[in-house]
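Structure record follows, encoded as structure tokens.
Every number in this text was worked out from the coordinates using simple rules, so none of it is lab data. Treat the numbers as computed from the prediction; the structure is a model and nothing was measured. For neighbour counting, all protein chains shown are included, and Cβ atoms are generated from backbone atoms with ideal geometry for every residue, glycine included.
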């Protein structure tokens, strides 16, 4: 029989002496299930969408890229997400000088982040890791669910390394310069280091850069130049 609390705890974890009739509740701990967690987070975000659509409309790009809007997170939105505290304020921190070069141009970006890996669990369709485990935004949110999840990724990041004031800094010229090195970016994403750290998820960024990313970036450049987002596909977009 253990004679003190230390021996009791040690035996519980090492499978030592079994203790009959103790008042200690033995709990069964299950391993963290990433897929289940992501599914739950996505479902919780999805349940908030009808309310946001009633408030801000069903045209997400028109909401996200509003006229002269430097900071896309309104108080009304944050109130609906129960994020009017310091966590949301941190999303406006000035991280531009430390901006990760792999961030895709747009309102959201990261500076220096932790390496805890929370980006994958909170916003798997918008964030990735570099070989050191630091997070960056590889795709701007395309809908309300992705926006909520990306906000959550910023809130739980220990260093408050996320920001959404990218509209204050990106210019048409800067976007064109960033796009000109996408080949180098793809080569880096294809490296064993990136593959090992992201477990295959890096392919999402590669596929994006090879398909719809160019059109998305041209629309963003139009927004930067005209202070409004293209209303339809007939609008002439600036070249990259």
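Values for this structure:
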{"read-out": "Computed [θ] at 222 nm, helices only, for the chain once each DSSP H run of length n ≥ 4 contributes -39500 (n - 2.57)", "value": "-13500 deg cm²/dmol"}
{"read-out": "Gain on full stretching of the segment that runs from residue 76 to residue 191 - 0.36 nm per residue minus C-alpha separation", "value": "37.2 nm"}
{"read-out": "Backbone N under 18 Å from the residue 35 label point (7 Å along Cα→Cβ), restricted to the stretch 98-128", "value": "120-125"}
{"read-out": "Crossing angle, helix 5-14 versus the chain [Cα axis fit, 0-90 degrees, rounded to tens]", "value": "70"}
{"read-out": "For the stretch 67-84 and the stretch 181-240, distance of Cα centres in Å", "value": "25"}
{"read-out": "(i) 41, 22, 16; (ii) 38, 20, 14; (iii) 31, 23, 16, with the label sought being that of the calculated semi-axes √(5λ) of the Cα gyration tensor in Å", "value": "(i)"}
{"read-out": "Ellipsoid semi-axes in whole angstrom, largest first, where each is sqrt(5λ) of the Cα gyration tensor of the stretch 162-240", "value": "27, 14, 12"}
{"read-out": "All-pairs alpha carbon distance profile, the stretch 95-205, 10 Å steps from 0, percent", "value": "15, 50, 32, 2"}
{"read-out": "Potential lengthening between residue 168 and residue 96 on full extension [0.36 nm per residue; Cα-Cα distance subtracted]", "value": "25.0 nm"}
